[in-house]
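See below for the structure under consideration.
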Amino acid sequence: KQEVTQIPAALSVPEGENLVLNCSFTDSAIYNLQWFRQDPGKGLTSLLLIQSSQREQTSGRLNASLDKSSGRSTLYIAASQPGDSATYLCAVRGGSEKLVFGKGTKLTVNP
Amino acid sequence: EAEVAQSPRYKITEKSQAVAFWCDPISGHATLYWYRQILGQGPELLVQFQDESVVDDSQLPKDRFSAERLKGVDSTLKIQPAELGDSAMYLCASSSGTGQGYTFGSGTRLTVV
C-alpha cells in the first residue's frame, strides 16, 4: 500500500527566504507526482506535475524535483512571499490511477 | 481555463438527515474522483469512476454513502443518514487519463450538527 509522508508538518519563515518542502513515498512504481496548494477552506490548486520519467519541473519561483528510485520529491520555493502562505500537498499516482496524498506542509511566510 | 464545478460550496445538515453533493468535471474527462478531506489531513479517495462505471469504491462506506455518474458526465455523491463524523471537505476531481494531472473543484464543506 502506497504511503506518502511530508516533512515538515508546518514551517514558518520570514519573507524573502528560499525554502524546501519534502515528500517521500514508499512504492516507487508511480506514473507521476503532483504538488498542490490549498488555501484554508478551499479546494486544491495544481502547482506542478512531474512524470515518472522526469527529474524536475519548474513554474515561476517553484521548482519540483523527483527521485523515483529513492521515493523522494522536493518542492523548492524561491524568494518566498506572504501570499505563498498555504498548505502544500504532495500526491503520487500509481497503477490504480488514484492519487495518494500526504498530510501536507502548512507554510507561513511572515512579512 | 476549464474548471471542475461543485455545488453547494457549503452545507450544514442535522445528524440523520440526507445530503447530496454535485460535481461536473472538465468536458471530455473520462475519469472522475470523489475525495474526502478531514481537517488537518490529506484527501482520501472515496470513489473513482471511469465513464459511468465505478472503478474503485473500496473506501466508500456503502451503508450510508452512494455515488452515481449515470451518463458518464456529472456525478452525485449522497450520504444518508449523515453522522457527526461525516463533517469534512468533499472534493471532486477529474482527469483525462493515465499520466495526466488531476484538476480539483473548489469542494463542498459539510458540517453535520
Task: Every residue from the stretch A:44-94 that is of a type in the set (S, T, N, Q) and in a strand (DSSP E or B) - done: A:Thr45, A:Ser46, A:Gln51, A:Gln57, A:Thr58, A:Ser59, A:Asn63, A:Ser65, A:Ser73, A:Thr74, A:Thr87
- [ ] State which residue pairs qualify: first residue closer than 14 Å to A:Leu21 by Cβ and inside the stretch A:50-67, second residue acidic (Asp, Glu) and in a strand (DSSP E or B) in any location, beta carbons under 6 Å apart, and separation of 6 or more residues or different chains.
- [x] A:Ser65/A:Glu56
Task: Number of positions in the stretch B:34-76 that are closer than 17 Å to A:Val92 by Cα and among the charged types (D, E, K, R) - done: 3
- [ ] Those residues that are closer than 12 Å to B:Tyr102 by Cα, among the aliphatic types (A, V, I, L, M) and within 8 Å of another protein chain (Cβ to nearest Cβ), I need them from the stretch A:85-99; list them, please.
- [x] A:Ala91, A:Leu99
Task: When residues of the stretch A:12-29 are limited to those that are farther than 16 Å from A:Leu47 by Cβ and either buried (at least 16 other Cβ atoms within 10 Å of the Cβ) or at pLDDT below 95 (or both), the one farthest from the other protein chains (Cβ to nearest Cβ) - done: A:Val13
Open item on the list: Given the criteria part of a strand (DSSP E or B), over 23 Å from A:Glu3 (Cβ atoms) and over 12 Å from the mean Cα position of the chain (by Cα), does B:Lys11 qualify?
Closed with: yes
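If we keep just the residues of the stretch B:55-93 that are of a type in the set (Val, Ile, Thr) and modelled with pLDDT under 95, which is nearest to B:Ala30 (Cα to Cα)?
Start the filter on the stretch B:55-93 by keeping residues that are of a type in the set (Val, Ile, Thr), which leaves B:55, B:73, B:76, B:79.
Now drop any that are not modelled with pLDDT under 95, which leaves B:55, B:73.
Numbers: B:Val55: 12, B:Val73: 8 Å.
Of everything passing the filter in the stretch B:55-93, B:Val73 is nearest to B:Ala30 (Cα to Cα).
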Task: Condition broken by B:Ser27, with the remaining ones in (1) within 12 Å of another protein chain (Cβ to nearest Cβ); (2) closer than 27 Å to A:Gln51 by Cα; (3) modelled with pLDDT under 95 satisfied - done: (1)
Open item on the list: So, in the stretch A:30-65, exactly how many residues are facing chain B (nearest Cβ under 9 Å), of a type outside the set (S, T, N, Q), farther than 13 Å from A:Tyr88 by Cβ and buried (at least 18 other Cβ atoms within 10 Å of the Cβ)?
Closed with: 2
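The values are calculated or read from the model by the stated rules, or taken from the named source; none is laboratory data. Keep in mind that what you see is a predicted model, and the values were worked out from it rather than measured. With ideal geometry, Cβ positions are generated from the backbone for all residues, glycine too; neighbour counts draw on all protein chains shown.
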